[in-house]
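Worksheet: the structure to be examined is printed underneath.
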4 protein chains.
Amino acid sequence: MIKTARAAVYDAPNEPFVIREFPVRDVKDDEVLVKVTMSTICRSDIHSYKGHRPNPCPGILGHEIIGIIEQLGSSITLDLRGDTLQCGDRITWTEFFHSGESYYTDVHDMPQKAEGVRKYGHDLADEDPHFLGGFAEYCYIQPGTGILKLPDGISDEEATPLNCGVATMISVIEASKVSAGDTVVIQGLGLLGLYGCAIARFRGAKHVIGLDAVPDRLVMARKFGADHTIDISGLTAEQQIAAVREICSPDGADVAIEVCGVAAAVPIGIKMLRVGGRYTIAGLVNPNANMTLDGNELLRRWITLRGIHNYHPRHLVEALDFVMASRDQFPFGEIVDSKFSLEQLNEAFQRAGDNSVLRAAIVP
Amino acid sequence: MIKTARAAVYDAPNEPFVIREFPVRDVKDDEVLVKVTMSTICRSDIHSYKGHRPNPCPGILGHEIIGIIEQLGSSITLDLRGDTLQCGDRITWTEFFHSGESYYTDVHDMPQKAEGVRKYGHDLADEDPHFLGGFAEYCYIQPGTGILKLPDGISDEEATPLNCGVATMISVIEASKVSAGDTVVIQGLGLLGLYGCAIARFRGAKHVIGLDAVPDRLVMARKFGADHTIDISGLTAEQQIAAVREICSPDGADVAIEVCGVAAAVPIGIKMLRVGGRYTIAGLVNPNANMTLDGNELLRRWITLRGIHNYHPRHLVEALDFVMASRDQFPFGEIVDSKFSLEQLNEAFQRAGDNSVLRAAIVP
Amino acid sequence: MIKTARAAVYDAPNEPFVIREFPVRDVKDDEVLVKVTMSTICRSDIHSYKGHRPNPCPGILGHEIIGIIEQLGSSITLDLRGDTLQCGDRITWTEFFHSGESYYTDVHDMPQKAEGVRKYGHDLADEDPHFLGGFAEYCYIQPGTGILKLPDGISDEEATPLNCGVATMISVIEASKVSAGDTVVIQGLGLLGLYGCAIARFRGAKHVIGLDAVPDRLVMARKFGADHTIDISGLTAEQQIAAVREICSPDGADVAIEVCGVAAAVPIGIKMLRVGGRYTIAGLVNPNANMTLDGNELLRRWITLRGIHNYHPRHLVEALDFVMASRDQFPFGEIVDSKFSLEQLNEAFQRAGDNSVLRAAIVP
Amino acid sequence: MIKTARAAVYDAPNEPFVIREFPVRDVKDDEVLVKVTMSTICRSDIHSYKGHRPNPCPGILGHEIIGIIEQLGSSITLDLRGDTLQCGDRITWTEFFHSGESYYTDVHDMPQKAEGVRKYGHDLADEDPHFLGGFAEYCYIQPGTGILKLPDGISDEEATPLNCGVATMISVIEASKVSAGDTVVIQGLGLLGLYGCAIARFRGAKHVIGLDAVPDRLVMARKFGADHTIDISGLTAEQQIAAVREICSPDGADVAIEVCGVAAAVPIGIKMLRVGGRYTIAGLVNPNANMTLDGNELLRRWITLRGIHNYHPRHLVEALDFVMASRDQFPFGEIVDSKFSLEQLNEAFQRAGDNSVLRAAIVP
C-alpha cells in the first residue's frame, strides 16, 4: 500500500493553499479509506478560507466529496440503504459524523445537531488520520457517518453536491411540507435555489416561482423546474409581492423559501403567502441575520416560519433517489461547470469566490 | 311568544351603553334563538368599545355567550358532537359563523379564515335579526355556527369563556404540538395564559413555566398547573432566559407561547428553546406588533415559529371535554370573578378595563 | 329557456335504459344547472345496474360528469379554488354533496362521511329536480357540492374521471403517505390502478411496481408510470412476494395498495412490505370482503393498514392539478377509449360490463 | 473489586434455575457495570422459560432491570436526556441495544428494528461478559443502549417495569394518536392494559373503557384511569360492541387497543370504532395470531389498523416522565406485588406463571 498522499493545505486565512504529503495508514475497524474522485467548493469553504469563520489551521477544507473505497474497516458492511459495501465501490457520505449516545440523536432524531457532531473539512491536517477534508487525494470516513453507494448511472458532477446542497434542500422542502399542487416561491436562485426549484417541481408543485436579481440565474432556474421567474432588480418589496400574488390565485403562495442569504427577504416573502402558508429560512447561514417581522401578521394569517440547517442521513438517501429519478429532466451536470486539479485549488477558490463559475470541482 | 327584548347597545366608542328594546321574531329554518344566561367581557370587547378597532354602531358587543335554546329552526337537529338538540338545552357555540362554499373552508379546513366569515358581537343592532351579540337577553345563532350542548355538571362561569379563551388555547396548544413530557413556557399569565398552563399540564407537560410581572397572576398560574413561575419584573432578557434554561435540562424548553401581547417577548422566548423547539404567537392581536428576530438563530436551531388566531369548531368540542375532565383539578370558576346585570354593563366595562376584575360576567 | 330535456332512465335492474323527458326549471339560489358534455360509466354504475346494490328506480345513473354552466344560483360565486364562476364555464364537481352541520364534517373534516351525505346518480328521476345523474342532458348541482372550474387545456376525456377515479386515488396515495424515494406496489391495474401508478410516479416514487393477471393492463401500466410490472397469472403468493422483494432492496416495499377488488390480495401485499410499511385497501368496495391476516406479523413488522373510500373536496383540486401538470407524461385521454350517445347507453353498459372497453363515455 | 458474582441460570426449558458464579471484570470504555437492585419477570420470560420460543442455554433471563452504576466506561458521560452519569447513579435502560450503522436506525429511525439488534436476557451466560440478563447480581450495559438516570422520588417497584411495559405502552398510545378528548377502548387489562388505561387518561382521553373477563382486573383498571369497565365474560361480540357504543356518542370510539393477546378480539374491537377510528395491535406477540377481517368494512369506515412492537429510546424518556408526573394519581407500586430473592427465582416463575401474582420482582 502507498505510504503518503497529497493534500492542498489551508495554512491561514487568505493565504495560498500549499500541497503537502501526509501518511496514509491502514483503516481501523470502523473507518473507510476513500480515494477522492471529485470534491466541490461550497460557499462555506469560501467563508472559511476568507477567515469569516474559524477553521483550524493547518487544515484540509472541503466537505462535498465523493470517491472510491480503497480500504473498508471490518465492522463496516452495509450502506445507509442496507446495500453491501466493498472495495471499489464509488460512494457519497454525510458531510457530518457523530458517534455515541446523545440527547439530540437518540431522543429527537437529529444526529446533525448532536453535541459533539463534527464535519468533514474542519479538522487539523497535522493529526491522525490527517485526511478528513475534500481537497486531497484521500479521505478517511469516520464512525457515525452515513455512507451511500453511488449507482453507475450518475456522473461525478451530478453526485458530488449530493451530500451538501441537494440533501439540504431535500430537508428544506420536506420541512416546508411541499406537496403536489402547491405553489412554491424560491427567493434566491444560486445552487440551493436551483435544487429547491427542481425538488419542488419533482414533488408535483403546481407553480414554482423563482426570484433573483441576476438574469443568468433566472434562465438557469427555468431549466431546473421554475415555471415563473421574476427579476427583482429594480422592484420594490410591494412590486415583488404583487408579482407573485398575481400568479397565486386566490390568495398567495402555499410555501416560500429563503435561499438568498438576505434577511430582508424574509418579511417580503411572508407577505407572498396565503393564510396558513409556510415560510422556511434556509440561506441565512451567517450570524446576526436580523430582520423585522410583524407578529400580528404571523398571527392573523396563521403563518408557520421555520429555520432549517443541514439534514438527516435519510435525506441523503432521498437526495440520491431524487437525482437518479429526475436526471433526464434537469441538467444537474451543468451545475458543476468547471474542473481544477489539486494544484489549481488557489485558482479554483478565486473563480468560485468571484462567482465567475457556478460550482468549481477539484479532481485530485 | 314575547315581542321585544332588551339589549345594552353600543352607540359610539367610549359612550355609555344604553338599554334598548328590539323585536324578537320566530326563527328561520336554519337559525336558533337562545335566551342568554351569561356572557363575559373579552379584552377584544374593550378594544372595540374604546374605538381601537372599528365595530359597527349601534351594535351589541359580546361574543363569549351561553344560553338556553328557546326556538330551534326545523333544519337544526344535531350539535357538533352529533347529539340531538332541543328547546331547553343549554348551549355554547363558535364565536364565528360562515356558510356556503369557500376556498379556506373546503380546501384548507380553516372555516375560521373563510372569506366572509362573521363574528358574534360585530353587527348592526338596527337590522334584523338585531340580536347577534352577547350583551342582550337573546341571541340568534346563524347558519354556519358550530353549536355544542353543555352538560349539567358545568357551571355558567366555567362554560361562558369556552368559545373564546379556552377554544383558542386548545388551538394554540395543538399547533404547538405539546405532548406528554414536554417543557412548556407561557409568556403572560392573563386569561389565555392561565388556560394555556392548564391545558399544557392536562396534556402531560413535564414542566409548565409561567412568566409574568404581576405577582397575583403568578399565584393564580400555580393553581392552573404551572409548576414554576418567574416574576420577570426587574429581570433583563438574559436573566429571564437563564432562569428558564436552568429548569430545562439539558438545552432549553420544547415549547414557548406568547400570550402577553408584547412583541418584544418573542425573541426572548425563542432563546429559551432547545434546538428543534416550537414557538407560538397567540397574543399579538393588535396591528404592527413589530419585533426583530435573528434569522440565523432560527436556522441553526431549527426553530419553528407559528402564529395562531382563533380556532376550528373541533377545538370547541375539545375545549368542553378538557374543562369537564379537569374541573376538579383547576378552579375555572374563579376566573369569572364578578357578575353584573345588563343595566350595569358600563360599570362592568370600567372594571374589566382597569383590570380590577379578572373576567366580568353579564347575567341579563 | 327550454322546458324539457332527455335522460336515459334506469327503470329496473338489468332492464334496458329508456329515454324520457323531464322538466327543466330555473335554478334555486344555491343550485347550478349544468349542460352535460360528457359522463363516463364507473364500475359502481354497473353494480347498480345489475342490481348488486340498491339504487332507487326510476333513476338516472352516472356520477362521473362534466358540463357547462347554463344557470348559476345567485349565492354561488366562487369555485373550490376561489376562482369566479359564471355561465359558460366548463366544470367538474364532487360526486357527493352534503349540507348543514355534521359531526363528521365539522369535527373530523370528513364531509364525504357526513350523516346524510348524498351522491349523484342515486336519486329518483320522478322527483324535482329530476336531473341528478350523469346519463342525461342536464344535471342540477346541489348545495354542499364542491365545484371546480376546468381549464381550457384539458380535454373532456381527461376531465370526466377526475371526480371519481382520479380524486379517489389522490386520497389513497395521500393516506398511504407516498413520498419521494418510496417504493410503491399497486395490486390491480384497472382504472384506479393506472391512476395510482401515475400519481405515485408523479410524487417521486423510486419504484412503482404494478401487478395484474391481464397482459394488456401491464402494458398500459408502463405508460402510466410503472417501472416494473409483474404478471401474476400462474404465480403463487410466495412467488409474487419474492418477485416484488427482489426489486425492493433491502427489505421490501414502503407502500402497497389494493385496487384489485380481491380480498385475498391483502395478506399477500402485506408480506411485500418492509418493517414500518403502509398498506392501503382501496378496491374492496363490495360487502363481506373477508381476509385472514396474521396479527403477530402486523405487530412485529409495525405495519399500518388503512381502508380508504372516496375523498375530500381538496383532493378534487389536487386531482385537477395533477392531471394538468402531468398530461404530457401520461396518456390520460387513452383511458376513455369509446364514446356513445345517450341513446346508445345500453350498448355502452354492455361493453363496459364485459370489459371490451376501458372507460365508456356518454356524450349526450 | 470483587471477582465473581451470582446469577440464576436458565439451563434448559422447564428445568429449575441454578445459582452459579461468573467472573466480574472491569468495564470496557463503552460499557457500564450495574449492580442490579431489582428485576421483574415479564410474560415473555415465562414464554422463554417454558420453551415456547428459543433462548440460548445456559442463559440469564430478565430484561426489566434497574440498578446502581458500579463502573462507568470512559466514553459514557451522559444519559438519554443529556444528564451527567456517574458511579452510584440509579438507572434504567432500553431493553434492547444496537450499534453501528443500519438501514432501520439511520434512515427510518427505528433502532428497535435494526438488523442485529439484541435484547437483554437473550445471551449465553458462558461467554464474556456473562452478565447480560436481569436475574443476577450484575449486568453489563452494552454500547447502543439508551441509559436513563432515575430520580430519587421513584421507588424500585415503580421504576423496574419502565423499560418494558411502560415504554411499550407509551409507544402504543403515541402510534394510536390518542389526544385529549378521545374515547379509548383497551381490550385486556393485564399489565400492558393497566398502563394503557393510565397513559390514555394522562393524555386527556375523555373516556377510557377497559374490557376484560377477570373481575379483579376491572377493579384494578379503575384505579389506573378507566372510567368505564366492561366484564366481557358471557358477552357475545355483539353485546361487547353494543356496550362500548352506548358510551361513545355519536358513532363509536376514536381508538381501540388490543393488549389481550387474543386475535379474535381484533375484529370485535374494530366494530367499536367510529369512521376514521384507529386500532392498534399491541398484545399479539406470539406467531400465527390469525384473524378474519372484512376489508370492505375497513374501507368504508376509513379504519387505520397498526401493529406496534417494542419502542424507541425516546419512549423510555417519556415513560419516566409519565410515571413521575402521575405517581400520585395511579398506584404504580401496587403492580409489583411480590418480591423474591435470586434463590427463590423458581418459586417466582411458578407464581408469575399461574397468575397468582401480578408482577414478581427479584431483589438479588
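Numbers at a glance
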read-out	value
Chain C, relative contact order in percent, only Cα pairs under 8 angstrom and at least six apart counted	17
Over chain D: helical MRE at 222 nm, DSSP H runs n ≥ 4 each giving -39500 (n - 2.57), nearest 500	-7000 deg cm²/dmol
Between segment A:161-182 and segment D:194-250, the alpha-carbon center distance in angstrom	45
Shielding score for C:77-85, defined as the mean number of other chain Cβ atoms within 10 Å	5
Modelled FRET efficiency - R0 56 Å, D:ASP83 with C:VAL363, Cβ distances, 0.05 increments	0.15
Shielding by partners, peptide C:309-322 (average Cβ within 10 angstrom, other chains)	4
Cut-off 13 Å between beta-carbons: net charge of the residues surrounding A:ASN355, Lys and Arg +1, Asp and Glu -1	0
Mean separation of Cα contacts under 8 Å, 6 or more apart, over the residue count of segment D:97-247: relative contact order %	13
Separation in nanometres of the label points that stand 7 Å from Cα toward Cβ, at C:LYS28 and A:ASP26	8.7
Packing-based ranking, highest mean first, of C:50-56, D:106-112 given that Cβ atoms within 10 Å are counted	D:106-112, C:50-56
Charge context of A:SER102, other residues only, Cβ under 10 angstrom, K/R +1, D/E -1	-2
Cα-based reach from D:LYS3 at 19 Å (exclusive), listing lysines while leaving out same-chain residues under 8 positions away	D:LYS28, D:LYS35
Inter-centroid distance (Cα atoms) of segment D:284-324 relative to segment A:298-351, Å	38
Relative contact order, percent, segment A:233-346 [alpha-carbon distance under 8 Å, six or more residues apart]	20
Per-residue average of Cβ from other chains inside 10 Å of B:169-180	2
Ordering of B:207-218, A:196-207, D:340-351 by packing [mean C-beta count within 10 Å, highest first]	A:196-207, B:207-218, D:340-351
Cross-link partners of B:LYS206 among lysines (Cα-Cα below 20 Å; sequence separation of 8 or more within a chain)	B:LYS177, B:LYS223, B:LYS271, D:LYS149, D:LYS177
Protection proxy ranking, peptides C:114-125, D:226-237, D:10-21, average beta carbon neighbours within 10 Å, highest first	C:114-125, D:226-237, D:10-21
Whether segment C:221-312 is rounded, prolate or oblate, judged on the alpha carbon gyration tensor where a/c under 1.5 counts as rounded	rounded
HN-Hα J in Hz across segment D:211-224 - Karplus 6.51, -1.76, 1.60, θ = phi - 60°, x for Gly and Pro	10, 6, 9, 9, x, 4, 5, 5, 4, 4, 4, 5, 5, 9
Prolate/oblate/rounded label for segment C:1-122 (Cα gyration tensor, a/c 1.5)	oblate
Reach of C:LYS50 by Cα under 13 Å, taken over aspartates and glutamates that are not fewer than 8 positions away in the same chain	C:ASP11, C:GLU15, C:ASP354
Segment D:50-144 shape via C-alpha gyration tensor axes, a/c threshold 1.5	oblate
For segment D:116-130 and segment D:27-47, distance of Cα centres in Å	10
Point-to-point label distance, D:ILE19-B:ARG222, nm (Cα→Cβ direction, 7 Å offset)	5.1
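Bear in mind these aren't lab numbers, they're just calculated from the coordinates by the rules spelled out. This structure is a prediction, so every number in the text was calculated from the model and none was measured. We place every Cβ from the backbone using ideal geometry, glycine too, and count neighbours over all the protein chains shown.
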